[in-house]
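Right, one structure below, let's go through it.
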Amino acid sequence: MSLSVGIVGLPNVGKSTLFNALLSKQQAFAANYPFATIEPNVGIVPVPDERLAKLAPIVNTTKLVPATVTFLDIAGLVKGASQGEGLGNKFLSHIREASVILHVVRAFTDKGIINAGSLDPKSDLDTINIELELADLQTVENHAKKKNPDMESLPLLAKKPYLIAVNVDESELKNAEAKGGEYARTLGVPREKVVLVSAKTESELCELSVEDQQVYLRDLGVSESGLSRLIKKAFATIELMTYLTAGELEVRAWTIPVGTVAPEAAGVIHTDFVKHFISAKVCSYADFVEYKGWKGAAEKGKVRTEGKTYVMQEGDVVEFMIGK
């Protein structure tokens, strides 16, 4: 199952800066995986996952294939987009393609922004939501004109999961947890919906080596970049999880919905595997690492054989037995 995140925001909130930082992650990713390069307004970026690097030496491989998130840079929203103002019609068609809507709101100071107005992230969010609600109303009205309309199946934007990236000054990152709670209250949304990022900082981080990025983040007093937190949060928003395969060819994270049973999980690798599924050899990630692979884990009784009704768990290391 693929995850796509549509990034929306009013002009001058830092949406493009944030997306360009994501593109820098894509460019590094695409150097090894050419499929990650697609359209200019689309970026495929890896989900940060330290487990892959820990599994690789155990199975004697250097190839790591992480799960991915597709980000869509949706044209700048303006008041009246639901009526086709600006790039409104294009905006609406693109946002309907996304699994998750990411609202970017401005909470940073910048005297150089033209026509920026007051610093009011709540107003930014309200403007976006009004346009989405008006677009939904238009969709409902158009659909109601059809014979025997099925309203339940309408792809309404209000039904989509969402996140809010509050684009802050770098100085606010050190106390991101507390500040995130404050912004959530200001915006009137649950805390888990809010991620603090500094698009300017993320842009600067992209110019540094991995080692220098870690030093930079330590100096800021944060453990990981805002983009990493944002990617992980997007992945969790629609209840996705990963299972892992580990062999000499590669270590790979596979994306599945929470609650997926073993045959369906195998089908993510190849659709024929669903029909020909026999069983799954399963070990938890922690046990696989502690006991140095299948052999050591099996000797400690940590490897199980599971059947068709087994519900996959986050971080399962799996080998599927497939018939002909």
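Considering all different alpha carbon pairs of region 259-322, the Kirkwood hydrodynamic radius works out to 11.8 Å. Select from Gly43, Gly226, Gly293 the residue whose mean-square fluctuation is largest in a Gaussian network model of the chain (Cα-Cα springs shorter than 10 Å). Checking each option, the largest mean-square fluctuation is seen for Gly293.
Which helices count as membrane-span-like in the chain under these terms: full DSSP H, at least 20 Å along the axis by C-alpha, Kyte-Doolittle mean of 0.0 or more? Please report the intermediate quantities before stating the final value.
Numbers: long enough: 15-30 (22 Å, 0.11); 121-144 (34 Å, -0.43).
Qualifying helices: 15-30.
At a 10 Å Cβ-Cβ cut-off, how would you order Arg304, Arg252, fewest neighbours first? Mind dumping the intermediate values first?
Numbers: Arg304 15, Arg252 20.
Final ranking by Cβ density, sparse to dense: Arg304, Arg252.
For the chain, the convex hull drawn through the C-alpha positions has a volume of 168 cubic angstrom per residue. The charge dipole of region 259-322, taken about its Cα centre with unit charges on the Cβ atoms of Lys, Arg (+1), Asp and Glu (-1) only, comes to about 200 debye.
Summary value for region 259-322: 48 percent relative contact order, contacts being C-alpha pairs under 8 angstrom separated by 6+ residues. Potential lengthening of the chain between Lys122 and Val210 amounts to 28.2 nm, from the contour at 0.36 nm per residue minus the alpha-carbon distance.
Every read-out reported here was derived from the displayed coordinates using simple, explicitly stated rules and does not represent laboratory data. The shown structure was predicted, so the numbers you read here are calculated from the model rather than taken from an experiment. Cβ atoms come from the backbone with ideal geometry, glycine included; neighbour counts cover every protein chain shown.
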